[in-house]
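K.L.:
Below is the structure I would like to discuss, written out as structure tokens.
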Amino acid sequence: DKLVNIEPLMSIVKKDWAVFLGQEVTSEERKNLQKHERTGRPLGDVKFIERLKKKFNVVLKPGKLGPKPKAGDQG
């Protein structure tokens, strides 16, 4: 698959997915996961996000909030 390389995860999980998925997460990890669920943005370090951006030619970081300036506006 172009989006996912499963080898690193498979080396961590060792084929026991029930145990892996049943592990507890910290409240900070839970908040971070929930934040990314809401925004739909990928969760990962800067290098990972940059690789996705380059590979798929998409903007993955949030932009400036508010309305976009009209053509010719100085802002």
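K.L.:
Assign unit charges at the C-beta atoms only (+1 for Lys and Arg, -1 for Asp and Glu), then state the dipole size of the chain relative to its Cα centre in Debye, rounded to the nearest 20.
P.N.:
In debye, rounded to 20, the chain gives about 480.
K.L.:
Between (1) 4.9; (2) 8.0; (3) 4.6, which entry matches mean projected area of the Cα convex hull in nm² as derived from the coordinates of this structure?
P.N.:
Computing mean projected area of the Cα convex hull in nm² and matching it to (1) 4.9; (2) 8.0; (3) 4.6 gives (2).
K.L.:
Per residue, what accessible area does the chain have, given a 1.4 Å probe and all protein chains present, in Å²?
P.N.:
Result: 99 Å² per residue.
K.L.:
Compute the angle between helix 27-39 and the longest alpha-carbon principal axis of the chain, please, reported from 0 to 90 degrees and rounded to the nearest 10.
P.N.:
50 degrees
K.L.:
Under 26 Å between alpha carbons, and skipping anything fewer than 8 positions from Lys31 in its own chain: which lysines qualify?
P.N.:
Lys47, Lys53, Lys61, Lys64
K.L.:
As an exercise, identify the trypsin sites (Lys or Arg not before Pro) in region 1-71 lying in DSSP coil whose Cβ has no more than 11 other Cβ atoms within 10 Å.
P.N.:
Passing both the DSSP loop test and the Cβ count: Lys2, Lys14, Lys15, Lys64, Lys70.
K.L.:
Work out the charge dipole of the chain with +1 on the Cβ of Lys and Arg and -1 on the Cβ of Asp and Glu about the Cα centre, then indicate which of His36, Ala18, Leu60 is farthest towards its positive end.
P.N.:
Result: Leu60, furthest along the dipole toward the positive end.
K.L.:
Can you give the angle from 0 to 90° between the axis of helix 46-56 and the longest principal axis of the chain, with both taken from C-alpha atoms, to the nearest 10?
P.N.:
Around 70 degrees separate the two axes.
The values are calculated or read from the model by the stated rules, or taken from the named source; none is laboratory data. Predicted model only: the values in this text are computed from it and were never measured. Here the Cβ is made from the backbone with ideal geometry for all residues, glycine too, and neighbour counts use every protein chain on show. Protein only, heavy atoms only, side chains kept; ligands, DNA and RNA dropped before computing areas. Shrake-Rupley method; radii C 1.70, N 1.55, O 1.52, S 1.80 Å.
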